[in-house]
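K.L.:
Pasting a structure here, questions to come.
The values are calculated or read from the model by the stated rules, or taken from the named source; none is laboratory data. Here the structure is a predicted model, which is why all the values come from computation and not from measurement. Cβ coordinates were reconstructed from backbone atoms using ideal geometry, including for glycine residues, and neighbour counts include every protein chain displayed. Note: accessible area is taken over every heavy atom of the protein model, side chains too, but ligands, DNA and RNA are not part of it. Shrake-Rupley method; radii C 1.70, N 1.55, O 1.52, S 1.80 Å.
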Amino acid sequence: KFIAANYSDGIVKIILFDPDIEEKKPGLGYLSRGSGFFVTEDGYIFTNRHVVESCVTGYVDYDYYDSAGKKKAGFAPYSEELIKDKNFIKAYRTGYPIPIVQVFTGTNENDYKLYNAEVVSIGMGAFDGALLRITSDEQGNTSGFRFTAVPLGDSDQVTQGEQFCVYGYPAQVKGGADLMLRDMSTLSRGIMSGFDFVFNNDYGYMKTDAEIHPGNSGGPVFNEENKAIGIATSKGVATGIGLVGGVNGMYYIAASDAKALEKLRANRGELTPFKDFWTQQLGNFDVSNKD
């Protein structure tokens with residue numbers, strides 16, 4: 001109840017939108033969506049890499065043969081490996097979507113505002129993370145924004161058995177952009193079921209039995225102190241167990257942006273050991289530049 005009452009407008013829906021398609025076929029510019037959350041009051045957002053990767057690499061709408069030899073439709077970020085795969089049949093369209101951020105301001109389906117965003121940095125290795133920044137609202141205003149920043153916890157201190165809360169925008173309905181915009185947030189609870197280093201042996205995942213569905217990706221996972229300690233990333237097909245990326249890994253993603261890093265450190269300022277650690281690890285980054 002506390003999380004929903006205090007941070008609902010800090011947890012957002014991230015919509016991938018292709019303006020070129022929209023110009024040619026009005027109403028068809030919407031491609032996909034995920035979740036995210038504000039980590040600074042001026043508009044920096046954490047999400048998953050796989051939610052916004054196609055904004056950087058481009059996307060491919062294509063047909064392919066599955067393992068049973070049946071023809072299937074696919075939609076994925078562009079890569080040479082995808083195009084050259086022996087099961088790849090044909091590409092129907094390609095493009096570069098832009099991320100649109102939907103921020104709900106009330107409990108009614110129409111209580112929201114839309115903002116343009118840009119991908120600031122994106123994980124290119126094993127960690128599935130990305131950092132976005134709000135650039136303007138629908139009217140083109142580029143300043144004066146003040147968002148609800150979700151408080152950040154320390155994912156290195158998470159222990160098996162503690163309570164988790166997953167908050168985001170799972171895709172509860174199918175349809176076009178108009179229907180998707182009315183799809184509201186969902187909160188689910190569970191426990192920290194354990195750790196997993198099979199799917200990602202570099203960073204690992206936290207497992208949870210809290211419900212995670214398509215669309216939840218990129219949304220925050222809260223601990224018992226109502227702080228975001230992870231990012232909802234995936235769900236096991238065989239077990240249904242959710243996989244959560246630790247939020248501490250996001251500081252490596254944000255390290256390329258000195259302003260963002262400084263603000264994120266301030267968000268976690270009450271944790272002295274954390275500040276000392278990141279001062280040592282990221283000492284080469286000048287976070288004093290206010291320009």
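K.L.:
Kindly provide the set of residues from region 150-170 that are hydroxyl-bearing (Ser, Thr, Tyr) and part of a strand (DSSP E or B), ordered by number.
P.N.:
Selection gives Tyr167 alone.
K.L.:
Same structure again: Looking only at residues in region 159-184 that are of a type in the set (Ser, Thr, Tyr) and crowded, with 18+ Cβ neighbours inside 10 Å, which one is nearest to Lys1 (Cα to Cα)? Show your work before the answer.
P.N.:
Initially, region 159-184 is screened for residues of a type in the set (Ser, Thr, Tyr), giving 159, 167, 169.
Cutting the leftovers down to crowded, with 18+ Cβ neighbours inside 10 Å gives us 167, 169.
Details: Tyr167: 12, Tyr169: 17 Å.
Checked region 159-184; the qualifying residue nearest to Lys1 (Cα to Cα) is Tyr167.
K.L.:
On the given criteria, is Val119 open to solvent by 20 Å² or more (accessible area, probe 1.4 Å), in a strand (DSSP E or B) and either in contact with a Pro (Cβ under 8 Å, 6 or more places away or on another chain) or among the hydroxyl-bearing types (Ser, Thr, Tyr) (or both)? Spell out the reasoning first.
P.N.:
On the way: open to solvent by 20 Å² or more (accessible area, probe 1.4 Å): yes; in a strand (DSSP E or B): yes; either in contact with a Pro (Cβ under 8 Å, 6 or more places away or on another chain) or among the hydroxyl-bearing types (Ser, Thr, Tyr) (or both): yes.
So Val119 passes the test.
K.L.:
If you check Thr107, Thr135, which single one turns out to be over 16 Å from Ile231 (Cα atoms), at pLDDT 95 or above and open to solvent by 20 Å² or more (accessible area, probe 1.4 Å)?
P.N.:
Thr135
K.L.:
Looking only at region 217-251, count how many residues are under 13 Å from the mean Cα position of the chain (by Cα), under 15 Å from Gln160 (Cβ atoms) and β-branched (Val, Ile, Thr).
P.N.:
Selection size over region 217-251: 2.
K.L.:
What are the residues in region 16-27 that are touching a residue at least 60 places away in the same chain (Cβ under 8 Å) and open to solvent by 10 Å² or more (accessible area, probe 1.4 Å), if any?
P.N.:
Phe17, Pro19, Asp20, Ile21, Gly27
K.L.:
Further, regarding this structure: Could you please find all residues in region 122-134 being in contact with a Gly (Cβ under 8 Å, 6 or more places away or on another chain) and either in a strand (DSSP E or B) or under 18 Å from Leu181 (Cβ atoms) (or both)?
P.N.:
Ile122, Ala130, Leu132, Arg133, Ile134, listed by residue number.
K.L.:
Hey, another quick one. Looking at region 249-263, can you tell me whether even one residue there is open to solvent by 10 Å² or more (accessible area, probe 1.4 Å) and in contact with a Leu (Cβ under 6 Å, 6 or more places away or on another chain)?
P.N.:
yes
K.L.:
Would you confirm, using the coordinates I've provided, whether Gly240 is small (Gly, Ala, Ser) and open to solvent by 20 Å² or more (accessible area, probe 1.4 Å)? First the steps, then the outcome.
P.N.:
Working: small (Gly, Ala, Ser): yes; open to solvent by 20 Å² or more (accessible area, probe 1.4 Å): yes.
Considered against the rule, which asks whether it is small (Gly, Ala, Ser) and open to solvent by 20 Å² or more (accessible area, probe 1.4 Å), Gly240 comes out as yes.
Residue-by-condition table, conditions (1) closer than 25 Å to Tyr251 by Cα; (2) at pLDDT below 90; (3) among the hydroxyl-bearing types (Ser, Thr, Tyr); (4) surrounded by 15 or more Cβ atoms within 10 Å (Cβ to Cβ):
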position: Thr186; (1), (2), (3), (4): no, no, yes, yes
position: Gly190; (1), (2), (3), (4): no, no, no, yes
position: Gly194; (1), (2), (3), (4): yes, no, no, no
position: Tyr203; (1), (2), (3), (4): yes, yes, yes, yes
position: Asn216; (1), (2), (3), (4): yes, no, no, yes
position: Ile231; (1), (2), (3), (4): yes, no, no, yes
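K.L.:
Can you tell me which residue is surrounded by the most Cβ atoms within 10 Å (Cβ to Cβ) among those in region 138-158 that are acidic (Asp, Glu) and farther than 18 Å from Pro99 by Cβ?
P.N.:
Only one residue fits best here, namely Asp154.
K.L.:
Continuing with this model, one more query. Please report, ordered by residue number, the strands (runs of 3 or more DSSP E) entirely within region 171-223 with at least 3 residues that are farther than 24 Å from Leu132 by Cβ.
P.N.:
The qualifying strands (runs of 3 or more DSSP E) are 186-196.
K.L.:
Looking at (1) open to solvent by less than 10 Å² (accessible area, probe 1.4 Å); (2) closer than 20 Å to Asp137 by Cβ, which one does Arg33 not meet, given that it meets all the others?
P.N.:
Unmet condition: (1).
K.L.:
Name every residue in region 218-227 that is touching a strand residue (DSSP E or B) at 6+ places or on another chain (Cβ under 9 Å) and open to solvent by 10 Å² or more (accessible area, probe 1.4 Å), in order of residue number.
P.N.:
Asn223, Glu224, Asn226, Lys227
K.L.:
Something else now. Residues in region 65-75 that are open to solvent by less than 80 Å² (accessible area, probe 1.4 Å), more than 27 Å from Gly123 (Cα to Cα) and either touching a Gly at 6+ places or on another chain (Cβ under 9 Å) or not aliphatic (A, V, I, L, M) (or both): how many?
P.N.:
The total comes to 2.
K.L.:
Still on this structure: What are the residue pairs meeting all of these: first residue in region 256-267, first residue assigned to a helix (DSSP H, G or I), second residue among the basic types (Lys, Arg), Cβ atoms under 7 Å, and 6 or more apart or on different chains?
P.N.:
Listed by first residue and then by second, the contacts come to Arg265/Lys275.
K.L.:
Ok, one more. Of the numbered conditions (1) more than 22 Å from Leu181 (Cβ to Cβ); (2) at pLDDT 95 or above; (3) surrounded by fewer than 22 Cβ atoms within 10 Å (Cβ to Cβ); (4) in contact with a helix residue (DSSP H, G or I) (Cβ under 7 Å, 6 or more places away or on another chain), Tyr78 satisfies every one except a single condition; which is it?
P.N.:
Answer for Tyr78: the failing condition is (2).
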